[in-house]
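Only one structure is covered here, and it is reproduced in the block below.
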Amino acid sequence: MASPKVAVVGAGVIGLSTALCITETCPSCSVTVLSDQFSPNTTSDVAAGMLIPHTYPDTPIHRQKQWFKETFTYLFAISNSAEASEAGIHLVSGWQVFKSTPKEELPFWSDVVLGFRPMSEAELQKFPQHRFGQAFTTLKCDCPPYLLWLEKKLKAAGTQMYTRKVSDLWELHGEYDIVVNCTGMGAHELGDKQLFPVRGQVLKVHAPWVKQFIRDGDGLTYIYPGIHRVTLGGTREKGSWSLSPDAGTARDIFDRCCSLEPSLQGAQDIEVKVGLRPSRQCVRVQREVLSQGGVKLPVIHNYGHGAGGFSVHKGTANEAAQLVGECISALQGSSSRAKL
Amino acid sequence: MRVAVIGAGVIGLSSALCIHEQFHGLVPSLELEVYADHFTPHTTSDGAAGLWQPYLSDHGNLQETLWNKETFDYLLGHLHSPAAKEMGLFLLSGYNLFTEPVPDPSWKNIVLGFRNLTPKELELFPGYSYGWFNTALMLEGRNYLPWLTNRLTQRGVKFFHKKVESFQELFSQGVDVVLNCSGMRSGELQPDPELQPGRGQIIKVLAPWVKHFIITHNLKSGIYNSPYVIPGSEFTVLGGVYQYGNWSEENNAKDHKSIWDNCCQLLPALQKAKIVGEWSGLRPARPSVRLERESIRLGNLQAEVIHNYGHGGFGITIHWGCAMAAARLFGSILQERKALGTPPGPRL
């Protein structure tokens, strides 16, 4: 197989980063991105893009940590380069505060982020309703900039991108040799009923004096300063498919964030956004071979990142690209055998 | 009782506010006036980035360390008030970088979360092998000075746009006490060879992805003669010039280039930042702050001057502690005058 044709379905952070990774690990591949949505209309565009991992119940912790570490290292290097502002990657420091001391005082990722330590008594005084906290510095990927930067790099690598809704992965057989399924929430329609939405509503506001993140350890209330806007969150509504903003929820989010950071009362230009976290008990990074009437279509799945897409995207992209490599070897092996 | 404040920078306005807050109830006849030839946004305080951070060493000047602490605590107490945004007050974390280990500063327990940098953090700053991380405060002059002005105006304090040529000039008009908060040009009112300019120059850029202050230190070239980056609410300040004895307030091309090149080397992403302004100012440098009373004999009158100047590159950092000290000095003047005026009886 001279130039394997790889279709990556999905153009959120998972699809684009996976596609880019494939162009790098398999230079002879011809990579095409197919998606019904591109930035700024993907789920990734709604997310704040903070590198604070979500814990997947059924993925081994060491694997989650490896994914996070690879992602952090990759983005750390970009944040330190001249491309940082274009890529939308920047360091941000802040606090995770808890109303009651968490069972696990040291999360698995505490040695990956920078300067992780418990908050001092003096720092906790800023949060009278909270009794315990952690201070650290991490990275943030602002969207759309990060997705646009990935698209730019893909184009430079010769990747074609098309707006196209793929209703069934099988429809791509014949056109492509390998399909990479990065459809996020779309994987539900493609047949994975273990995938469920966790609805998140956020506010994006203008409050440029807010330079630090604050996150309640319950994961529901957070303030994440981006390049131009601060993301205020949020909600975790399991099983809700609604993409319509809810006014009562918006008010509630605003109030909760103002109680963590009173100066937000002065925030301007409040925009309300909704995204559906493509959630699963474990992230599906896996090979599968679809087959109909003797014809085979290798598929690499890379979806189900739920609340942790940005935090592990590079790690899962690396793994998916590796699986693509294995697929290609397998295809080349079988095509050589066919020639004998 | 007429009190005239000379100077409308952070020192003059905050001293005026502190005195009015403490004494207008006790002294019904108190009339406070502010005289200045420059008002916000044209004062030295307006050009400063507004970061609360003292110098690396207080040179044993514990009084100044105490005033710094009083200022920090005062500002921290206002952080959650509705006025914070209008005051230009917000928390900001960041890095102090060195090429060799240094002793901890006098202010390590004043700021929040002070700690040394980890090896991984130092990877961000090639060329620097040691450093600190802490959370401090920003108090932007461009917001704070108008806020102070509004508070003073609401209290009936009068403002006069005029250059005062001498203390005498005010006393002869019936002013009882003068607060000399004239910063860099105090020497024109009363010669002070210890007061010298510490010229600074800054470039203002749009770099909203920068969320930390980064201050580098070169122990050989001295404070603020090494690149620094301080993100404000509207733009980011790039700096790193401290020229002792240089009175020029013109932007210098060579300084511009060195600030730009050094800051871009520190933070490569700054190369893409858009320049939106440039400014030069004179830090009113002095071996120590002059904060003291001076009684001046004018004929058969005793006139009182309270000096409050010479805050160098830490005016915003120390301002409230000094304002309160100036107010205490004013209080002592009041006590003496009351004592002189009342019939024999219990000492106040």
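Output the 0 to 90 degree angle, nearest 10, between the alpha-carbon long axis of helix A:145-156 and the longest principal axis computed from the alpha carbons of chain A. Value to nearest ten degrees: 20. Would you calculate the separation in nanometres between label points at A:S167 and B:I275, each defined as 7 Å from the Cα along the Cα-to-beta-carbon direction? Each label point lies 7 Å from its Cα, and together they span 5.8 nm. Taking the C-alpha atoms only, the angle from helix B:315-341 to the longest principal axis of chain B is near 10 degrees. Only lysines eight or more places from A:K273 in sequence, or on another chain, were considered; those with a Cα closer than 20 Å are A:K140, A:K204, A:K238. Each of B:G131, B:G7, B:H217 was scored by the projection of its Cα onto the charge dipole of the protein assembly as shown, and the greatest displacement toward the positive side belongs to B:G131; charges sit on the C-beta of Lys, Arg, Asp and Glu. Charge dipole (Cα centre; +1 on Lys/Arg Cβ, -1 on Asp/Glu Cβ; no other charges) of chain B amounts to roughly 360 debye. Rounded to the nearest 500, the helix-only mean residue ellipticity at 222 nm of the protein assembly as shown stands at -9500 deg cm²/dmol, with each DSSP H run of n ≥ 4 adding -39,500 (n - 2.57).
A Förster radius of 56 Å combined with the Cβ-Cβ distance from A:W241 to B:F160 puts the calculated FRET efficiency at roughly 0.25. Taking Lys and Arg as +1 and Asp and Glu as -1, the other residues whose beta-carbon sits under 12 Å from that of B:S182 total -1. Under the rule a/c < 1.5 gives rounded, and otherwise a/b versus b/c splits prolate from oblate, where does chain A land using the Cα gyration tensor? Prolate shape, in that a/c is at least 1.5 and a/b is the bigger ratio.
The dipole here belongs to the protein assembly as shown: it is taken about the Cα centre, uses +1 on the Cβ of Lys and Arg and -1 on the Cβ of Asp and Glu, and is about 800 debye. Putting +1 on Lys and Arg Cβ atoms and -1 on Asp and Glu Cβ atoms, find which of B:P82, B:I333, B:G141 reaches farthest to the positive end of the dipole of chain B. Sorting the options by dipole projection puts first B:P82. To the nearest ten degrees, helix B:141-154 and the longest principal axis of the Cα atoms of chain B are 20 degrees apart. Sparse packing (at most 14 other Cβ atoms within 10 Å of the Cβ) combined with a DSSP loop state is found for the following GluC sites (Glu not before Pro) in segment B:123-218: B:E123, B:E165, B:E194. Of the trypsin sites (Lys or Arg not before Pro) found in segment A:153-260, the ones in coil according to DSSP and having at most 10 other Cβ atoms within 10 Å of their Cβ are A:K193.
In this Cβ point-charge picture (+1 for Lys and Arg, -1 for Asp and Glu), chain A has a dipole of about 300 debye about its Cα centre.
Chains B and A together bury some 2900 Å² of accessible area, summed over both sides, with a 1.4 Å probe. Can you tell me how the protein assembly as shown classifies by the Cα gyration tensor, rounded, prolate or oblate, using a/c under 1.5 as the rounded cut? Because a/c hits 1.5 or more and a/b exceeds b/c, the protein assembly as shown counts as prolate. Accessible surface for the protein assembly as shown, divided over its residues, is 41 Å² per residue with a 1.4 Å probe.
The values are calculated or read from the model by the stated rules, or taken from the named source; none is laboratory data. These numbers were taken from a predicted model, which means no experiment stands behind them. Glycine gets a Cβ as well: all are built from the backbone with ideal geometry, and neighbour counts include every protein chain shown. All accessible areas refer to the heavy atoms of the entire protein, side chains included, with ligands and DNA or RNA removed. Shrake-Rupley method; radii C 1.70, N 1.55, O 1.52, S 1.80 Å.
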